[in-house]
Amino acid sequence: AVEASELNEDHSTHHDVNKEYADLNWDELGFGPIPIDYMYVMKCTKDEKYFSQGTLTRFGNIDMNPSSGILNYGQGLFEGLKANRTEDGRILLFRPEQNARRLQMGAERMCMPSPTIEQFIHALKQIVNANKSWVPPPGKGSLYIRPLLMGSGPVLGAMPAAEYTFLIFASPVGIYHKGTLNLIVEEKFYRAFPGGTGGIKTAANYATVFKPVTEAKAKGFSDVLFLDVTTRKNIEEASTSNIFILKKNVISTPAITGTILPGITRKSIIEIARVLDYQVKERDIPAEELFDAEEVFCTGTAMVVNPVSSITYMGKRIEYKTGVNTVAQNLRTMLTGIQTGQIEDKMGWTVEI
Ligand code: COI
């Protein structure tokens, strides 16, 4: 593998990767793409079936055949995870093997080869090490890492591509959504259907919700809450996050049935809540239950745990408790504490770079 320091010597005009921090206003991080120093690229042909050796290259535009599978037929997946800097200067990844496994499941559904768990984690370590100075100072945010897996080989007929590219880039990020969420239950558009791809992280799941989300935002909401398409009665998830409700001391979240994205934050929140002695149920949740829930919150890698202050359903606006002494806040504190090394990681979730 190419060492970041070797690569850097060829680009003396670029900033020094050995500097502790890149030149950025760390107090004003939002969630937008900030160009970093290096990206990681690994390729595989269909005949090879397995990825072999990847490399770090300068972050920048990539060559793409206009007939590539990803550009024409959307044969692609993405992942998202964060690297956090601890107070004592270590850098931690959070449950990266979970992202590796989810990518493998998605790749199987999309007829793509995928990196092994070891290759995936090795690549993550390389890209974080090469871009260390872009990992925000403790308390200022995270380095959001975006692995992509895509059909990069040319096709014309609708079929799997003959070559695949696994690429990882990253960007320093702060808060995804400022403030609490005001959701509206989406009653016209549906995100997923049984047998479809709602349960994997394919790019199209995101592009196809832009329209309902844009419409909801124009009406002053932060996001939509999708219903299942079969009964049109049960809640599934928001556009980029999973949903939880709290009612009579029981935390519930829709069960993973193939139409809901199996969030790693979702899974971690369930496990943390159980350790904290909350009762947690993964089940069907009729939207009717939104009327008497006490708390509602959304979870996601980008979003972390975001309280929902209101949901509008069937023309009625329902309000929920947010802020101090809420279950959502307790769970968030515990999760971010583990992710940033402030709370001892008894779960064995963090991986030091
Ligand atoms: C994440 O939370 O990592 C996601 O994948 C959502 C993304 C659209 C920002």
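Each reported figure results from applying straightforward, stated rules to the coordinates on display, with no laboratory input. Keep in mind it's a predicted model, so treat the numbers as computed, not measured. Every residue, glycine among them, receives a Cβ derived from its backbone with ideal geometry; neighbour counts consider all protein chains shown.
At a glance:
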item	result
Assigned charges on the beta-carbon of Lys, Arg, Asp, Glu; region 172-229 dipole about Cα centre (debye)	180 debye
Residue among PHE291, GLY337, PRO262 farthest towards the positive dipole end of region 211-353, charges placed on Cβ	PHE291
When each of LYS211/LYS248; LYS267/LYS346; LYS43/LYS201; LYS19/LYS178 is checked by Cα-Cα distance, pairs over 26 Å	LYS211/LYS248; LYS19/LYS178
Burial ordering of LEU290, LEU148, fewest other beta-carbon atoms within 10 Å first	LEU148, LEU290
GLU282/LYS217 FRET efficiency (R0 25 Å; Cβ-Cβ; nearest 0.05)	0.25
Neighbour-count ranking [beta-carbon atoms within 10 angstrom, fewest first] of TYR164, TYR190	TYR190, TYR164
Segment ASN330-THR208, length gained on full extension (0.36 nm per residue, minus Cα span)	40.6 nm
Cα lying deepest toward the dipole's positive end in region 68-174, options ALA158, PRO137, ASN72, charges on Cβ	PRO137
Order of ARG102, ARG266 under a 10 Å beta carbon neighbour criterion, fewest first	ARG102, ARG266
DSSP beta bridge pairing in the chain, given as percent antiparallel to the nearest 5	80 percent
